[in-house]
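Below is one structure, written out as structure tokens; comments come after it.
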Amino acid sequence: QEILDMSTYPVESIRNFSIIAHVDHGKSTLADRLLEITGTISKTDRNKQVLDKLQVERERGITVKAQSASLFYNHEGINYLLNLIDTPGHVDFSYEVSRSLSACQGVILVVDANEGIQAQTVANFYLAFEAQLSIIPVINKIDLKNADPERVEKQIEKLFDIPTDECIRVSAKQGTNVEKVLQKVIEKIPPPQYNTADPLKALVFDSTFDHYRGVIANIALFGGEIAKGQKIVSAHTQKRYEVNEVGILTPNEQPTHKLYAGQVGYLIAGMKEVTEAQIGDTLFLYKQPVEPLPGFKSAKPMVFAGMYPIDQTEYNNLKSALERLTLNDSSVTVHRDSSLALGAGWRLGFLGLLHMEVFNQRLEQEYNMSVILTAPTVPYKAVLSSAKLIKEYGKDQITIINPAQFPDKLSVSEYLEPTVLGTIVTPHEYIGKIITLCQDRRAVQKDMLYIDENRVMLKYLFPLNEIVVDFYDALKSLSSGYASFDYEDAGYQSADLIKMDILLNGNPVEELATIIHKDKAHAAGKLLCERLKETIPRQLFEIAIQAAIGKKIIARETLKAYRKNVVAKCYGGDITRRMKLLKRQAEGKRLMRKIGNVEVPRDAFIRVLKRETGK
Amino acid sequence: WPYCRKRCSYCSFNTYVVPAVDEAALRACLVREAQTLLRLSQVHSVTSVFFGGGTPSLASPSTVAAVLEAVAGAAHLPDGAEVTLEANPSSTSTSRLAGFRAAGVNRLSIGVQSLDDAELRMLGREHTAAEAQKAVEVARGLFPGRTSIDLLFGLPRQSWDAWAQQLEAALRLCDDHISLYQLTLERGTALAAQVHGGALPAPSQDLLADMYQIARTVLVAAGFRHYEVSNFARKGALSTHNLSYWRADQYIGVGPGAHGRFMLWGEGGWSREARVQTLEPVAWMREVRSQGHGTRSRVVLSLLEQLEELLTLGLRTDEGITHERWGHFSPQLSLQAMFGEPGEAWALQQEGWLVLDSGGLRCTWAGLAVLDSLLPDLLWQLQR
């Protein structure tokens, strides 16, 4: 394989840009077309989502991991190096998007000609705007019957203050006008203002783990140059490495002699874990430290879920699958956890619901593991007032992930819950229902604005736990799919939290305790009691299923006793079959959790604890 | 007899509906297999014979006679041994039944199932209530004190009142033995499909419990002894044959799909085997012709397995498991040692479901109705 010489591309001939858009507006398809036009990939029918390498990305039509591709394009006699950075489209990954953008000088903002501006169009626009990038609006899917590019251009003008004549109307699918986009990129997006004479300063905007070659970090050079053999240091970990290989992505790895300031590519330097090349980190030469690039953040999980193997015998398999999957995803936090009902497992932290779903799907598809995912929880906080507890924890404010850790009201001066600022964009006919839904979720309206004659943008402050379970689905369902949703971390707020216990014949079931807001306790308790009534098998005595806060019972269901349970016929032919069944039941008894004298099969816990699928 | 004229909507037995039956061939194979297995098992004396199926009353009396002759030829079949034939009301004409009696049958079990015509149609039966009534009368004439009727309860849409009325009607009609079965919806049957699909309602658990309770109460008040979960007899008319199942005696199964439990002498001494004959009649006949018997599977039962069966079956009877019977299988470890110490059985006794005394181990009146909730615990205790 030929090794490229990147020195023939001076900084003035380089354009670094990203494509940003709302989910499904066609950014990956546009990327496919750009790759084709520049000859980076050959034009065939099979080019679909070329940059989406993960199976889960291809199936769900989303981009999860950022990929970059270096395109070569000749325009008016000059050979340009165009570095395209494909970003994750989803709100959960806004941090990744912001890091990718910091490596760019401009973006292509893709908007669907029929759907128009959606929640993430707005969110991504602001990210680009705040980063002071040039923005090229592209209106896509003009080939479809319901396309109304004129309307969308007006929305863009109204909301983003970009004149309508700057918009380019394309059909990424058919390739219409796509070449014009490339030309605009060259004309409108400024070249990077970096100097190869400066000391090396490289941003890590993504990394992947390869079993043979180790960590491959995607980098953008903000100064200097980098080549094989050089010694570099990570600003975050302060660890030192020797560079084995540098190159560009076309979109496959293509080694080069060097990479220069303003260029984008990859680097392999003997790192063994992706945590050594975290997104947002800065790399510099040994003995030539630089000011680290701003904006580096360690991943902050927003949603937690318990993960348990279906059977305890699978524990080790799941353990190694988790280790390998997190090799490539440093934003998942992993803590060991155990449940009396489900055995030994983990509590994982994700950036959001999509992150969790994608992770779970990858676990199934790439590692063939089926797991029990318990309902997502959020990290609550408590400000302690008890001197004893403060001493025990070593601080006066603690984070509570597990209900068992919930400190009593008497020891706490304030409970806090995480909140997010949510943006909803919806056609106006659904406003009423959506407002009701948000109020139902204890959200407070912060803004409401018409973005055109038909559509409204609403901003609400939500407690995070009110949206992690099924808010998105409810929103989609009552707006027939037309409303879109995006959210960002908005810190903590004071909250009236309580711990709700579940009792069976008066005995508490530890693993079913939940932390919940006082206003929601009754409804949740009732639902839980009903579900338990359906899943716990009848026994020889009556079972009282209760939800309680402290000593106060807030909901109750009764499971009546068995009065008849004996098989009618048992003659010669039936006996063997009968014995098999009974012995299986006897075996099953061993796996039962006994709460007082109530036998609860593992399956009942699973059905009550697990996350609703499809949500 | 593995054949029926049609399959009832609730039936999941090993039975076949064919256009024509080669009775001669089947008879020859039944005879051959009976002889072979009797010889193999080295059984000296046969205490009872049961003709089941399928619809055994569709066979001709000569087949019954031939089988009985074969049994008598290979072992001692005492004159008074109970010989039962299962019959469908639609094949019980006086002449037919008389023929069976002449062939050696001395007890008849009639599949009445229901005394309500609408229910009979839902069950897919071939007869009406009136026809069933007639059949029972004929049978009682020929087999006085030795006629049994089968009844089902807990049918979809069956009300409490309807059942109470049927009980009264059944009492007026019956002889001295009644088998009362709660309808079980077996997977794969037409009736189960109808209920699961929602075409028919499933009866509530509480209603079923009530129906069973009233049946027990009414029958006992009428002089019946509730001697097994589903079986009632008065004036001593218990089914000897079925009792041997529940006492874990030895029995030989002859014919397609028949089950057996008998002792064979082998290297380790005597071992009790669980046997099943090949299910499909054509295949079975082929095997019988070539090897003398069509045994599909033979499994030696370990001591634990034997005790498990004894426990599961014995507790279904009002007598339960006597100390002697238990001792026959487990001379070392007595019932008392096994279940008398603190443990699951002890707890169940405290709660009033079981009794362990000089008479043995058995269920209480209440315990019998929920036996299947008690057994897993007891089996677990037994295993330990």
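Filtered by the rule that a residue be within 18 Å of B:Thr47 (Cβ to Cβ), open to solvent by less than 20 Å² (accessible area, probe 1.4 Å) and either in the same structural domain as B:Tyr251 (by the TED database) or not acidic (Asp, Glu) (or both), region B:74-90 gives B:Ala75, B:Ala81, B:Val83, B:Thr84, B:Leu85.
Being farther than 25 Å from B:Lys134 by Cα, of a type in the set (A, V, I, L, M, F, W, C), assigned to a helix (DSSP H, G or I) and more than 18 Å from the chain's Cα centre (by Cα) is a condition met by no residue of region B:86-103. Taken over region A:590-609, the residue count meeting the criterion of being touching a residue at least 60 places away in the same chain (Cβ under 8 Å), open to solvent by 40 Å² or more (accessible area, probe 1.4 Å) and within 14 Å of another protein chain (Cβ to nearest Cβ) is 2. Scanning region A:119-158 for residues that are in contact (Cβ under 8 Å) with a residue 60 or more places away in the chain, out of contact with any Asp or Glu (no Cβ under 8 Å at 6 or more places or on another chain) and under 20 Å from A:Lys173 (Cβ atoms) yields A:Thr121, A:Val138.
Only one of the listed residues (B:Leu310, B:Leu304) is out of contact with any Pro (no Cβ under 8 Å at 6 or more places or on another chain), within 14 Å of chain A (Cβ to nearest Cβ) and crowded, with 19+ Cβ neighbours inside 10 Å. That residue is B:Leu310. Within region B:276-301, restricting attention to residues that are of a type outside the set (D, E, K, R), in a strand (DSSP E or B) and open to solvent by 40 Å² or more (accessible area, probe 1.4 Å), the residue that is farthest from the other protein chains (Cβ to nearest Cβ) is B:Val300. Selection of region B:186-205 for residues being open to solvent by 60 Å² or more (accessible area, probe 1.4 Å), in a loop (DSSP other than H, G, I, E, B) and in contact (Cβ under 8 Å) with a residue 60 or more places away in the chain yields B:Arg187, B:Gly188. You will find that of A:Ile516, A:Ile467, A:Ile502, A:Ile498, the residue that is assigned to a helix (DSSP H, G or I) and either in contact with a strand residue (DSSP E or B) (Cβ under 9 Å, 6 or more places away or on another chain) or of a type in the set (A, V, I, L, M, F, W, C) (or both) is A:Ile467 and no other. If you go through region B:222-246 and pick out every residue that is β-branched (Val, Ile, Thr) and closer than 17 Å to B:Trp365 by Cβ, you end up with 1. Checking each residue in region B:338-384 for being open to solvent by 30 Å² or more (accessible area, probe 1.4 Å), in contact (Cβ under 8 Å) with a residue 40 or more places away in the chain and at the interface with chain A (Cβ under 9 Å from one of its Cβ atoms) picks out only B:Gln383.
Residues are listed down the side, and each one gets a yes or a no for (1) open to solvent by 20 Å² or more (accessible area, probe 1.4 Å); (2) in the same structural domain as B:Leu151 (by the TED database); (3) in contact with a strand residue (DSSP E or B) (Cβ under 8 Å, 6 or more places away or on another chain); (4) aliphatic (A, V, I, L, M):
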residue: B:Cys4; (1), (2), (3), (4): yes, no, yes, no
residue: B:Tyr16; (1), (2), (3), (4): yes, no, yes, no
residue: B:Cys29; (1), (2), (3), (4): no, yes, no, no
residue: B:Ala34; (1), (2), (3), (4): no, yes, no, yes
residue: B:Gln42; (1), (2), (3), (4): yes, yes, yes, no
residue: B:Gly53; (1), (2), (3), (4): yes, yes, yes, no
residue: B:Ser57; (1), (2), (3), (4): no, yes, yes, no
residue: B:Pro61; (1), (2), (3), (4): yes, yes, no, no
residue: B:Ala72; (1), (2), (3), (4): yes, yes, no, yes
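When A:Lys141 is tested against the conditions (1) surrounded by 24 or more Cβ atoms within 10 Å (Cβ to Cβ); (2) within 23 Å of the chain's Cα centre (by Cα); (3) not small (Gly, Ala, Ser), the lone failure is (2).
Considering only residues in region A:555-565 that are more than 19 Å from A:Asn507 (Cα to Cα) and modelled with pLDDT of 90 or more, the one that is least open to solvent (accessible area, probe 1.4 Å) turns out to be A:Lys564. Among the residues of region B:254-275, those identified as assigned to a loop (DSSP other than H, G, I, E, B) and crowded, with 19+ Cβ neighbours inside 10 Å are B:Val254, B:Gly255, B:Pro256, B:Gly257, B:Ala258. Can you spot a residue in region A:541-554 that is assigned to a loop (DSSP other than H, G, I, E, B) and either touching a Pro at 6+ places or on another chain (Cβ under 7 Å) or open to solvent by less than 40 Å² (accessible area, probe 1.4 Å) (or both)? So far as region A:541-554 goes, no, none of its residues is assigned to a loop (DSSP other than H, G, I, E, B) and either touching a Pro at 6+ places or on another chain (Cβ under 7 Å) or open to solvent by less than 40 Å² (accessible area, probe 1.4 Å) (or both). Kindly provide the set of residues from region B:156-172 that are open to solvent by 30 Å² or more (accessible area, probe 1.4 Å) and of a type in the set (Phe, Trp, Tyr), ordered by number. Once the filter is applied, which keeps residues that are open to solvent by 30 Å² or more (accessible area, probe 1.4 Å) and of a type in the set (Phe, Trp, Tyr), region B:156-172 yields only B:Trp160.
Looking only at residues of region A:572-589 that are more than 7 Å from chain B (Cβ to nearest Cβ) and under 17 Å from A:Pro537 (Cα atoms), we find that the one that is surrounded by the fewest Cβ atoms within 10 Å (Cβ to Cβ) is A:Arg584. Looking only at region A:311-319, decide whether some residue is crowded, with 21+ Cβ neighbours inside 10 Å and in a loop (DSSP other than H, G, I, E, B). So far as region A:311-319 goes, no, none of its residues is crowded, with 21+ Cβ neighbours inside 10 Å and in a loop (DSSP other than H, G, I, E, B).
A single entry from A:Val469, A:Val425 fulfils the requirement of being at pLDDT below 90, under 21 Å from A:Gly116 (Cβ atoms) and either surrounded by fewer than 17 Cβ atoms within 10 Å (Cβ to Cβ) or not assigned by the TED database to the domain that holds A:Arg347 (or both): A:Val425.
The values are calculated or read from the model by the stated rules, or taken from the named source; none is laboratory data. The structure presented is a predicted model; accordingly, all values stated were derived computationally and were not measured. Neighbour counts run over all protein chains shown; Cβ positions are idealised from the backbone, glycine included. Heads up: the accessible areas ignore ligands, DNA and RNA and are worked out on the full protein's heavy atoms, side chains in. Shrake-Rupley method; radii C 1.70, N 1.55, O 1.52, S 1.80 Å.
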